[in-house]
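Working notes for the structure below.
The values are calculated or read from the model by the stated rules, or taken from the named source; none is laboratory data. If you're wondering where the values come from, they're calculated on a predicted model, not measured in any experiment. All Cβ positions, even for glycine, are placed from backbone atoms using ideal geometry, and neighbour counts span all protein chains on display. Surface accessibility is based on the protein's heavy atoms, side chains included, excluding ligands, DNA and RNA. Shrake-Rupley method; radii C 1.70, N 1.55, O 1.52, S 1.80 Å.
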Amino acid sequence: MEQLITLSDRLQQVSYFLPKGAIFADIGSDHAYLPCYVCMLDKNARAIAGEINKGPYNSAKKTVRACQLTNRVDVRLGDGLEIITADEIRQLVIAGMGGKLIRSILEAGKDKLKLVERIIAQPNVNARGVRKWLITNNYNIKDEAIVEENGHSYEIIVADMCENGPTSAWTERELLFGPILLKKRPDAFFKKWRYEQNKLSRIIEQMKRATVRNEVKIQFFEQDLQWIQEVLQDGENDS
């Protein structure tokens, strides 16, 4: 009997951005819930579940066996994109880790992305850095979502390969908030940025009280804070 898979809201949203018949890799797959869920709903989908640690790798193998998907979900042990070859996937999911780590995984495995049509990234922090990497490496941001779960806000970035480079030149402000999220502005978006406004205000005050002040960093954070205040003010005016 097949095991039933229930995804978190965050991974459920990620799954919506995979096309029918997806051939994808999920890096840092943990229990392989996402690949199994997608393949159970879509008989034409195939997936690779990648894990760097033995414990989650074994958990993923167990999930795949329980779901009777060993013929369509391949669990592999390895670091980042080293587990795939350059021609075996068309979509890539990297979710549930820091933006800096996501960037380093993408950068280290750039040669494996030649045929990857879509990257779905869900950074826990520093989504701006991930957006910068994507547009610098010929991916155009096509969609975004923000999901609130267990008191945290998660941004999901969907980027499609464009051979001639990104069709849009996003500003630093758009990269901070997400160009698509800045247009959609759901309730979770404002909740996240109200929290970030308070946190950033405290950080700036602490930095200003430091014995040795980093003026460049203070100025950088103050610019971000100004943008956040403007966006929140616009939201209040619209409501």
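Structure data summary
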quantity: Whole-number Å³ per residue for the convex hull built on Cα positions in the chain; calculated: 147 Å³
quantity: Using distinct alpha-carbon pairs, which all enter the 1/r mean, Kirkwood radius of the stretch 3-42 in Å; calculated: 10.4 Å
quantity: Cβ-based charge dipole, the chain, positive-most Cα from Gln223, Ser201, Gly78; calculated: Gly78
quantity: Long-range amide H partners of Val75 with built H, under 5 Å; calculated: Ala49
quantity: Charge dipole magnitude, Cβ of K and R +1, D and E -1 - the chain, Cα centre, debye nearest 20; calculated: 440 debye
quantity: Difference of contour (0.36 nm per residue) and Cα-Cα distance, Phe220 to Lys199; calculated: 6.1 nm
quantity: The chain: angle of helix 215-238 to the longest principal axis, Cα-based, in degrees nearest 10; calculated: 80 degrees
quantity: Rounded to 5, percent antiparallel among DSSP beta bridges of the chain; calculated: 40 percent
quantity: For Gln68, residues with placed amide H under 5 Å, excluding near neighbours; calculated: Gln3
quantity: Furthest towards positive pole of dipole, Met40, Ile27, Asn58, structure part the chain, Cβ charges; calculated: Asn58
quantity: The chain, helix-only ellipticity at 222 nm - DSSP H runs n ≥ 4, -39,500 (n - 2.57), divided by all residues, nearest 500; calculated: -14000 deg cm²/dmol
quantity: Global size of the stretch 55-136 as Cα Rg and Dmax, reported in angstrom; calculated: 13.8, 41
quantity: Using θ = phi - 60° and Karplus 6.51 cos²θ - 1.76 cosθ + 1.60, couplings along the stretch 20-31 (whole Hz; Gly, Pro as x); calculated: 4, x, 4, 10, 9, 10, 10, 8, x, 6, 6, 8
quantity: Longest segment of the chain lacking trypsin sites (Lys or Arg not before Pro) that sit in a DSSP loop with at most 14 other Cβ atoms within 10 Å; calculated: 115-212
quantity: Eligible lysines near Lys61 by straight Cα distance, threshold 22 Å, same-chain separation 8 or greater; calculated: Lys43
quantity: Lys184 versus His152: modelled label distance in nm, points set 7 Å from Cα along the beta carbon direction; calculated: 1.9 nm
quantity: Alpha carbon Rg of the stretch 1-71, scaled by the compact-globule rule 2.2 N^0.38 Å; calculated: 1.00
quantity: Over the stretch 1-130 - Rg/Rh using Cα atoms and the Kirkwood inverse-distance radius; calculated: 0.93
quantity: Within the stretch 121-239: Cβ-based charge dipole about Cα centre, in debye rounded to nearest 20 (Lys, Arg +1; Asp, Glu -1); calculated: 460 debye
quantity: In sequence order, calculated HN-Hα J values of the stretch 118-129 (Karplus, 6.51, -1.76, 1.60; Hz; x Gly/Pro); calculated: 9, 10, 10, 10, 10, x, 6, 9, 6, 5, 4, x
quantity: Computed E for Ala66/Asn138 - FRET, C-beta separation, R0 41 angstrom, nearest 0.05; calculated: 0.60
quantity: ³J(HN,Hα) computed for each position of the stretch 86-103 - Karplus, 6.51 cos²θ - 1.76 cosθ + 1.60, integer Hz, glycine/proline x; calculated: 6, 10, 9, 10, 10, 9, 9, 10, 10, 10, x, 9, x, x, 5, 5, 4, 4
quantity: Dipole of the chain [Lys/Arg +1, Asp/Glu -1 at C-beta], most positive-end residue of Leu181, Cys67, Ile135; calculated: Cys67
quantity: Distant-in-sequence amide H partners of Gly178 (H built 1.01 Å from N, under 5 Å); calculated: none
quantity: The chain - percent of accessible surface contributed by carbon and sulfur, probe 1.4 Å; calculated: 47 percent
quantity: Solvent-accessible area per residue, Å², over the stretch 46-149 with all protein chains present [probe radius 1.4 Å]; calculated: 44 Å²
